[in-house]
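The values are calculated or read from the model by the stated rules, or taken from the named source; none is laboratory data. Since we're looking at a predicted model, the values are computed, not measured. We place every Cβ from the backbone using ideal geometry, glycine too, and count neighbours over all the protein chains shown.
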Amino acid sequence: MQFSEYPELKNQVALVTGAAQGIGAAVAQELCRHGVHVVALDVQSAVLQALHQRLEIGEGQLSTRTIDVRKAQAVEALVDTIEKQTGPIGLLVNVAGILRMAPVVELSDEDWATSLDVNATGVFNLTRAVARRMVPRQAGSIVTVGSNAAGVPRMQMAAYAASKAAATALTMCLGLELAQHKIRCNVVSPGSTDTAMQRMLWHDETGPQRVIAGSLETFRLGIPLGRIAKPADIANAVVFLLSERARHITMHDLRIDGGATLGA
């Protein structure tokens, strides 16, 4: 029998948004490894359906649901269905996000609105729907995957940074409100991580080295640890914060960026 560092997570139901790839998929896999029933949510139907073939499920279970997190009524209905058909949701991980880059003076209305809709309103929709059901049970743990860009200025990333800052503030306020109900809410803020979103920023094979070195032209520091994170690095932190090992941690923002923001 495989040893689990977090036996208390076994058989719990977890929702993971943005689970089709990248950090979301890594979180889903890590939770499954600890015996969790993961309901993987994403707007990308085809990629989401392939998760069963790509992930090592271990002792857990994996089911998938296609959802656009921007649609509040659809989210509420889906959460209700999952509660009735799968079981009480004890864990929620908000990972779904998009990146639209442009200088502020060139940023379109659509790019701004969509960034806020997915990265912030999507978090609001899911956390509100799930928290409503956690409160009567007086139990639950929520983790939002933010970004270190929420805490430091980034060239051409105003929409992304603003939306992640909003999601972070929302999660912190929720954590304060839900503390009396024994529900913990935390944030994990990655830096550069080897995902499709990150690779979109690389123009050639020197991309990773350029990120690690930093850029004076864009006022961006390098990464002191000299490496780009893997999705599993983020997933491990998320699962820790969900677990009883973090039972006295709430309203915390854990920066996972190899030192790239110097703790700012």
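Computed quantities for the displayed model
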| read-out | value |
| --- | --- |
| Lone qualifier among Ala149, Ala167, Ala179 - being within 18 Å of Arg220 (Cα to Cα) and either among the charged types (D, E, K, R) or assigned by TED's automatic domain parsing to the domain that holds Thr114 (or both) | Ala149 |
| Search result, residues across region 59-80 that are surrounded by fewer than 17 Cβ atoms within 10 Å (Cβ to Cβ) and more than 25 Å from Ala167 (Cα to Cα) | Glu59, Gln61, Ser63 |
| Close pairs (6 angstrom Cβ cut-off, 6 or more residues apart or separate chains): within 16 Å of Leu176 (Cα to Cα) in region 244-262, of a type in the set (Lys, Arg) anywhere | Thr250/Arg184 |
| Residue ID - nearest to Gly58 (Cα to Cα), chosen from residues in region 1-40 that are in a helix (DSSP H, G or I) and under 11 Å from the mean Cα position of the chain (by Cα) | Ala28 |
| Qualifying residues in region 14-47 (those that are β-branched (Val, Ile, Thr) and at pLDDT 95 or above) - the one farthest from Val145 (Cα to Cα) | Val36 |
| Candidate set from region 131-166 (those that are surrounded by fewer than 23 Cβ atoms within 10 Å (Cβ to Cβ) and among the β-branched types (Val, Ile, Thr)); member that is farthest from Pro88 (Cα to Cα) | Val152 |
| Members of region 167-196 found to be touching a residue at least 40 places away in the same chain (Cβ under 8 Å), surrounded by fewer than 16 Cβ atoms within 10 Å (Cβ to Cβ) and aliphatic (A, V, I, L, M), listed by number | Leu176, Ala179, Ala196 |
| Top-ranked residue of region 212-243 - restricted to ones that are among the hydroxyl-bearing types (Ser, Thr, Tyr) and either within 16 Å of Asn148 (Cβ to Cβ) or without any contact (Cβ under 8 Å) to a residue 40 or more places away in the chain (or both), ranked as surrounded by the most Cβ atoms within 10 Å (Cβ to Cβ) | Ser215 |
| Residue match in region 71-89 (condition: within 17 Å of the chain's Cα centre (by Cα) and of a type outside the set (Val, Ile, Thr)) | no |
| Qualifying residue in region 175-194 (condition: more than 25 Å from Ser141 (Cα to Cα) and part of a loop (DSSP other than H, G, I, E, B)) | yes |
| Complete set of residues in region 146-165 that are over 19 Å from Val238 (Cα atoms) and in a helix (DSSP H, G or I) | Ala158, Ala159, Tyr160, Ala161, Ala162, Ser163 |
| The one condition in (1) in contact with a helix residue (DSSP H, G or I) (Cβ under 6 Å, 6 or more places away or on another chain); (2) buried (at least 16 other Cβ atoms within 10 Å of the Cβ) that Val118 fails to fulfil | (1) |
| Test: residue in region 197-207 that is under 30 Å from Gly90 (Cα atoms) and modelled with pLDDT of 95 or more | no |
| Which numbered condition Glu56 misses (of (1) of a type in the set (D, E, K, R); (2) surrounded by 16 or more Cβ atoms within 10 Å (Cβ to Cβ); (3) closer than 21 Å to Pro231 by Cβ) | (2) |
